[in-house]
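Right, one structure below, let's go through it.
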Amino acid sequence: MSVTPSRVAIFGAGYVGLVTGACLADLGHSVVIRDVLADRIEALKRGEIPIYEPGLAELIAANAERIAFTTDVREAIDGADFVYVAVGTPPTYSGDADLSAVWNVIDELPAIDRACVVVMKSTVPVGTGSKVRHRLDERGLVQVGYASNPEFTAEGTAVADFLRPDRIVVGAFREEDGDAVVALHAGIESPVVRCDVASAEMIKLAANAALMTRISFINEIANVCEATGADVVRVAEGIGLDRRIGPSFLRAGIGFGGSCFPKDSLALKQLAANSGYHFQLLNAVIEVNELQKRRVIGKLHRHLGSLRDRRVALLGLAFKPDTDDTREAPSIVLAGRLLAEGAEVRAWDPIVDGHDLYGVEIAASPAAAAAGADAVVIVTEWPELIDVDWASVGASMRTPVLIDGRNLLDPVLIRAAGFQYEGIGRAAGPPED
Ligand SMILES: NC(=O)c1ccc[n+]([C@@H]2O[C@H](COP(=O)([O-])OP(=O)(O)OC[C@H]3O[C@@H](n4cnc5c(N)ncnc54)[C@H](O)[C@@H]3O)[C@@H](O)[C@H]2O)c1
C-alpha cells in the first residue's frame, strides 16, 4: 500500500506521543506534537529527547523535517487530518483512571472546519469513546470523527513495537474513520483488527490483564517451587515449550511495575466493579504482585535477621531494562520498605538518576553500591549486571548476600564467587547431586 502523507497532530509528548509521532513521521506523514509542558517542548525543539527510549532520538533526528513541536493548540491542529490523544491517564485515589488530561484535550479543540479524526491512543476505560463522541457532538464538532487505536508498545522496545506490531487495533463509530486510521499505517505489515470502539478499548485492558495474569501465575509457581525444592526457571522452560502456553511472560521475579500494568489493572478492576462485576481473578493477580515485591524483605530477614542499620544495595531502579521509567517500579516499594525497617539503602541504575528517591544514596556503579553492604538485591535485569566482577564485589561486602530478584545470574557461578545466593523460585542452596 503506498503512503498518502497526512497531517497528524499529537497531544502529549510523553513515551507514547513521541514514539507515535516519530514513527508516523518515519512512515512519511507530517507531525506536530503538542504538550502543555513548555520546558519539554523547548528541549525537544533543541533536539533534546526528554525520555530514554532506544532508537527514538535517532528516529526523530532522521525525520526532523516532518516533525514540529509546539505548546499551541491551534498550531498543532491547523490543517490536521488526525488528532492523536496520547496524554497520561494515571490512577485516581479510588483506582479509576484519571481522564482529566483527556478531557482537557477534547475541550481545548477549537472549531474545526475540515474532516479530521480524533484518535485515542491513551489507555481509557471502556465507554470513554462514547462519552468523547457525545462531547464532540455537544460542542458542534459533529463532522470530527473518532477512533480508538490503543497502544501496545512496551517501553524499551517501543519504536520496533510500533513499526512491527503484532496487530493494529482500530475501533470506530463510522467505517470511514476506521478506514482512515488504517490507511495512516500504510507501510506497516501487520494484522489489523477492526471493531467497535468499546471492544477496542477492552482489547487494550484485557491484553494487559492477560499478561499480568501470566506474571502473577509464574510468580506463584515460583513461590511453590521455593517451598518444594523445584526450580522455576526449568519449570517455565518446560511449560513454555507447550505451544498452547508459549514461553513469553513466564519469567518469575519480584513483580511487575511500570506506568501501565499497575494502573491498567486497577482501572479494569474498578471498571468491572463500577459495572457491578467482582473481577476475582484480577483482584488476585494484583494482590499476588503486591506480595511478590515484599517477599524480598522476607528473604533478607532470613539471611540477616533484623534489617536495622544493615546496608542494602538495590541494583536497578527502572521498572525494567532499557527505560528510565520508575513509575510503580518494585524498586520504589523495596526502598520504602527497607528504609522503614531501619536499613541504609544505596542504589545504582545505569539510566535513572534517582534524585527523587528520598533517603536513598545513589552510587555510580554496582560495585560502589555494594561496597560495605550486607546484601545486594538485583531489582532490574540490566544486562550489564551479568558482567560485573562478582567475586571482587563480594569481597568488598560486609556479608556477601545476593538476592537475585530477576533470576538474572547463574547461581552456580555466583555461589562460586563466594555469595550466599537466592533467586526467585530457585532452590535456596546449592543443588543436591
Ligand atoms: N508508556 C507506555 O509504554 C504506554 C504503552 C501503552 C499505552 N500507554 C498509555 O498511553 C498514555 C500516555 O502514556 P505515556 O507513558 O506516554 O504518558 P506520559 O506521562 O509519558 O506523557 C503524557 C504527556 O501528556 C502531556 N499532556 C498532559 N495534558 C496535555 C494536554 N492537554 N495537551 C498536550 N499534552 C498534554 C503531559 O505533559 C505529558 O508530557 C497513557 O494512557 C498510557 O496508559 C502507555
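Annotation: residue 159 fulfils all but one of (1) buried (at least 23 other Cβ atoms within 10 Å of the Cβ); (2) within 16 Å of the ligand (Cβ to nearest atom); (3) in contact (Cβ under 8 Å) with a residue 40 or more places away in the chain; the unmet one is (1). Is there a residue in segment 67-74 that is under 21 Å from the mean Cα position of the chain (by Cα) and touching a residue at least 12 places away in the same chain (Cβ under 8 Å)? The answer is no; no qualifying residue exists.
Set side by side, the residues 249, 256 differ, and just one is open to solvent by less than 50 Å² (accessible area, probe 1.4 Å), among the aromatic types (Phe, Trp, Tyr) and either assigned to a loop (DSSP other than H, G, I, E, B) or within 16 Å of the ligand (Cβ to nearest atom) (or both), which is 256. Can you tell me which residue within segment 354-386, out of those that are within 20 Å of the chain's Cα centre (by Cα) and within 23 Å of residue 410 (Cβ to Cβ), is surrounded by the fewest Cβ atoms within 10 Å (Cβ to Cβ)? It comes out as 383. Out of the residues in segment 132-156 that are of a type in the set (A, V, I, L, M, F, W, C) and away from the ligand (no atom under 12 Å from the Cβ), state the one that is surrounded by the most Cβ atoms within 10 Å (Cβ to Cβ). For segment 132-156, the residue satisfying everything is 147.
The set of residues in segment 330-350 that are touching a Ser or Thr at 6+ places or on another chain (Cβ under 8 Å), of a type in the set (Gly, Ala, Ser) and part of a loop (DSSP other than H, G, I, E, B) contains only 342. All conditions in (1) touching a residue at least 60 places away in the same chain (Cβ under 8 Å); (2) touching a helix residue (DSSP H, G or I) at 6+ places or on another chain (Cβ under 6 Å); (3) closer than 25 Å to residue 128 by Cβ hold for residue 266, with the sole exception of (2). Filtering segment 13-40 to residues that are open to solvent by less than 10 Å² (accessible area, probe 1.4 Å) and either touching a Gly at 6+ places or on another chain (Cβ under 6 Å) or within 22 Å of residue 327 (Cα to Cα) (or both) leaves 13, 17, 18, 19, 20, 31, 33.
For segment 1-30, filtering for residues that are over 21 Å from residue 189 (Cα atoms) and more than 9 Å from the ligand (Cβ to nearest atom) leaves 2. One residue alone among 209, 222, 200, 236 is within 16 Å of the ligand (Cβ to nearest atom), in contact (Cβ under 8 Å) with a residue 12 or more places away in the chain, out of contact with any strand residue (DSSP E or B) (no Cβ under 6 Å at 6 or more places or on another chain) and not assigned by TED's automatic domain parsing to the domain that holds residue 80, and that residue is 209.
For segment 301-317, a residue qualifies if it is surrounded by 12 or more Cβ atoms within 10 Å (Cβ to Cβ) and not in a helix (DSSP H, G or I), and the qualifying residues are 307, 310, 311, 312, 313, 314, 315, 316, 317.
If you go through segment 95-140 and pick out every residue that is in a strand (DSSP E or B) and either at pLDDT below 95 or within 25 Å of the chain's Cα centre (by Cα) (or both), you end up with 4. Restricted to segment 60-74, and to residues there that are assigned to a loop (DSSP other than H, G, I, E, B) and open to solvent by 50 Å² or more (accessible area, probe 1.4 Å), the residue that is farthest from the ligand (Cβ to nearest atom) is 72. Can you find, within segment 259-300, the residue that is least open to solvent (accessible area, probe 1.4 Å) among those that are within 15 Å of the ligand (Cβ to nearest atom) and not in a helix (DSSP H, G or I)? Ranking the candidates gives 259 first. A Cβ distance below 8 Å, combined with a sequence gap of six or more or placement on separate chains, defines the contacts here; from segment 46-57, residues that are acidic (Asp, Glu) reach residues that are open to solvent by less than 60 Å² (accessible area, probe 1.4 Å) and within 12 Å of the ligand (Cβ to nearest atom) in the pairs 53/15; 53/18; 53/19; 53/155; 53/156; 53/158; 53/159; 53/323.
Considering segment 75-91, the residues that are outside any strand (DSSP E or B) and more than 11 Å from residue 32 (Cα to Cα) include one that is farthest from the ligand (Cβ to nearest atom), namely 81.
The values are calculated or read from the model by the stated rules, or taken from the named source; none is laboratory data. This is a predicted model, so every value here is computed, not measured. We place every Cβ from the backbone using ideal geometry, glycine too, and count neighbours over all the protein chains shown. Note: accessible area is taken over every heavy atom of the protein model, side chains too, but ligands, DNA and RNA are not part of it. Shrake-Rupley method; radii C 1.70, N 1.55, O 1.52, S 1.80 Å.
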